[in-house]
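What follows is a single structure, written as structure tokens, with notes after it.
The values are calculated or read from the model by the stated rules, or taken from the named source; none is laboratory data. What you see is a predicted model; the values in this text were computed from it and never measured. Using ideal geometry, Cβ is built from the backbone for each residue, glycine included, and neighbour counts are taken over all protein chains shown. The area values use the complete protein model at the heavy-atom level, side chains included, leaving out ligands, DNA and RNA. Shrake-Rupley method; radii C 1.70, N 1.55, O 1.52, S 1.80 Å.
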Amino acid sequence: QVQLVESGGGLVQAGGSLRLSCATSGRTFSSYAMGWFRQTPGKEREFVATISLSGGSTYYADSVKGRFTISRDNAKNTVYLQMNSLKPEDTAVYYCAARKWAASARTDEYEYWGQGTQVTVSS
């Protein structure tokens with residue numbers, strides 16, 4: 001099995017930045033595409049960003065494009081989400097997810113999920 005643990009969430013003012021990390025273990029990290037999703041109470045889980053096995057391809061939701069950057073370090077079995085120019089509407093629980101093999105924006109195509117980390121952006 002693959003274990004995923006998110007960290008780096010917290011409270012930040014609008015316009016600020018946060019860097020989320022997702023540490024993985026249990027399987028070969030390099031064989032999994034990774035994604036970030038977010039969810040607020042009463043809403044469905046929303047795609048944020050995904051990255052291919054080698055990190056050569058990335059894809060972002062329109063709502064975060066130009067502000068967020070997903071990256072991965074396969075040597076450290078870790079995926080990151082750099083969030084800049086944060087807005088109050090970015091407030092959510094952010095989840096890291098993994099799937100074999102190709103990157104995807106669909107929640108139902110991911111096999112493994114972390115427990116989430118809270119990001120709160122104040123106005």
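A few notes on this one:
- Number of the exception - residue 77 against (1) among the polar types (S, T, N, Q); (2) modelled with pLDDT of 95 or more; (3) open to solvent by 20 Å² or more (accessible area, probe 1.4 Å): (2)
- Inter-residue pairs, beta-carbon under 7 Å, first assigned to a strand (DSSP E or B) and in region 101-121, second basic (Lys, Arg) and surrounded by fewer than 19 Cβ atoms within 10 Å (Cβ to Cβ), 6+ apart: 121/87
- When residue 11 is tested against (1) open to solvent by 50 Å² or more (accessible area, probe 1.4 Å); (2) assigned to a loop (DSSP other than H, G, I, E, B); (3) of a type outside the set (Asp, Glu), just one condition goes unmet, and that condition is (2).
- Scanning region 1-24 for residues that are within 16 Å of the chain's Cα centre (by Cα), on the phi < 0 side of the Ramachandran plot and of a type in the set (Gly, Ala, Ser) yields 7, 9, 17, 21, 23.
- Answer residue from region 81-123, given it is among the aromatic types (Phe, Trp, Tyr) and open to solvent by less than 30 Å² (accessible area, probe 1.4 Å) and is farthest from residue 17 (Cα to Cα) among those: 110
- Just one of the listed residues (69, 50) is in a strand (DSSP E or B) and open to solvent by 50 Å² or more (accessible area, probe 1.4 Å), and it is 69.
- Sole residue being aromatic (Phe, Trp, Tyr), in contact with a Phe, Trp or Tyr (Cβ under 8 Å, 6 or more places away or on another chain) and modelled with pLDDT under 95, chosen from 94, 32, 60: 32
- Pairs where the first residue, in region 55-76, is β-branched (Val, Ile, Thr) and the second is modelled with pLDDT under 95 and outside any loop (DSSP other than H, G, I, E, B), C-beta under 7 Å, 6+ apart: none
- Qualifying residue in region 55-76 (condition: closer than 25 Å to residue 13 by Cα, of a type in the set (Phe, Trp, Tyr) and under 14 Å from the mean Cα position of the chain (by Cα)): yes
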